[in-house]
Amino acid sequence: MKPPVFDYIVATDRDTAVAALARADGEAKVLAGGQSLMPMLNFRLLRPSILVDINRIPGLGFIKEMPDSIRIGALTRHFQIETSPLIGKHFPVLSYAVAHVGHLAIRNRGTIGGSLSHADPAAELPMMAVLLDATLRIVSAAGSRTVAARDFFLDAMTVGLDGTELLTEVVLPKLPAHTGWGFEEIVRRHGDFALAAVAATLTLSGSEIVQARIALTGVGPIPLRAEEAESLLVGREFDESLGRRVIEAVREAISPETDLHASADFRRHLAGVLTGRALAAAWRRGHAG
Ligand SMILES: Cc1cc2nc3c(=O)[nH]c(=O)nc-3n(C[C@H](O)[C@H](O)[C@H](O)COP(=O)(O)OP(=O)(O)OC[C@H]3O[C@@H](n4cnc5c(N)ncnc54)[C@H](O)[C@@H]3O)c2cc1C
């Protein structure tokens, strides 16, 4: 199918973009990498009055190191994140996870801002934003604000942007020393969306876990942190019996759905298996330094 008729504006600065979004009063769509938006238009699942192309706005695609955080511009392509030495140094779990997004051609165009705003329930980057306690910076004609990634995802493909707002930046607080990570995903074919995926970090002091994070995608409408399961790990050493309790807690925390690709029961089973593997990898890497 062909997309419905729409107007099109190429914004060359942020003010022009947010002014166009404000004028359209919720009827506009931002065009970033187009890897999700164009299929949605072609299927006529969306009928915006105007597309606001942000690709030529300078200063929206960047990865910058700050003393306590890494800032990633909304227009940064998946491939740039995947190959960034800064991300590789501070967030190897993110470098690894983003390589699981679709195929290379998609990662060349797709952006972190687009992935978070689109909020597919099985997408990797929303899960990583939740895992890494990201803060999102948002601008509109009315001003700017920040929101925690955990509060941004409201429902499947529904986020806390009011239609006149532009996501501009993702801020990731640096991880403490001695943090190991794990990422596990099951897909039907290479490049598909996840049937289920789990990412975990464990921060160690000697052999004691002092901070644990477990995030999941593909097992509910939004990415989630398994907080009760995380709390079981803190103050403990990871071993098989603790792993089994954590896996059960994760399975209880999720509400996966049955669809064409997998049943809810299978997704719940996968979430547990992947959690065990991700935690074992995080524990090993935490000890390796
Ligand atoms: C074949 C195929 C396979 C894929 N596989 C995966 C996969 O395995 N995992 C995965 O996570 N994704 C996958 N994707 C989606 C891909 O990651 C997209 O790049 C991503 O979802 C959207 O990014 P984009 O920059 O292309 O956004 P666009 O398509 O341009 O926009 C997506 C949505 O976000 C809005 N938006 C974009 N940028 C902003 C902004 N800065 N502020 C406010 N709103 C904004 C748009 O208006 C639109 O509603 C796949 C896509 C395809 C075509």
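The values are calculated or read from the model by the stated rules, or taken from the named source; none is laboratory data. Here the structure is a predicted model, which means the values were calculated and not measured. Note: ideal-geometry Cβ built from the backbone for every residue, glycine included; neighbour counts use all protein chains shown. Ligands, DNA and RNA are excluded from the accessible area calculation, which covers all protein heavy atoms including side chains. Shrake-Rupley method; radii C 1.70, N 1.55, O 1.52, S 1.80 Å.
List of remarks:
- Under 16 Å from a label point set 7 Å out along the Cα-to-Cβ vector of Arg23, the amide N atoms of the stretch 155-180 belong to 164-165.
- Kirkwood hydrodynamic radius computed over the stretch 129-232 comes to 15.5 Å, based on all pairs of distinct alpha carbons.
- q = 0.14 Å⁻¹, the stretch 152-289: log10 I(q)/I(0) [Debye, one scatterer per Cα]: -0.69
- Contour excess over end-to-end distance, with Cα ends at Glu208 and Met1 and 0.36 nm allotted per residue: 68.9 nm
- Centroid-to-centroid, using Cα positions, the stretch 233-289 and the stretch 177-229 are 8 Å apart.
- Calculated on the alpha-carbon coordinates, the convex hull of the chain measures out at 123 cubic angstrom per residue.
- Cross-link reach is defined here as a Cα-Cα straight distance under 24 Å, omitting same-chain residues fewer than 8 places apart; for Lys2 the lysines meeting it are Lys29.
- Surface exposure of the chain, expressed per residue as accessible area with a 1.4 Å probe, stands at 46 Å².
- Residues Arg236 and Asn108, FRET efficiency given R0 of 41 Å [Cβ-Cβ distance, rounded to 0.05]: 0.45
- Excluding same-chain neighbours fewer than eight residues apart, the lysines reachable from Lys89 by a Cα-Cα span under 25 Å are Lys64, Lys174.
- Label point distance in nm, Lys89-Ser255, each placed 7 Å from Cα along Cα→Cβ: 4.3
- Translational D in µm²/s for the stretch 208-289 (Stokes-Einstein at 25 °C, 0.890 mPa s, Kirkwood Rh from C-alpha pairs): 188
- Carbon + sulfur, % of accessible area of the chain - ligands and nucleic acids excluded, 1.4 Å: 52
- Segment Arg245..Arg56, full-extension length gain: 63.1 nm, with 0.36 nm per residue of separation and the alpha-carbon distance subtracted.
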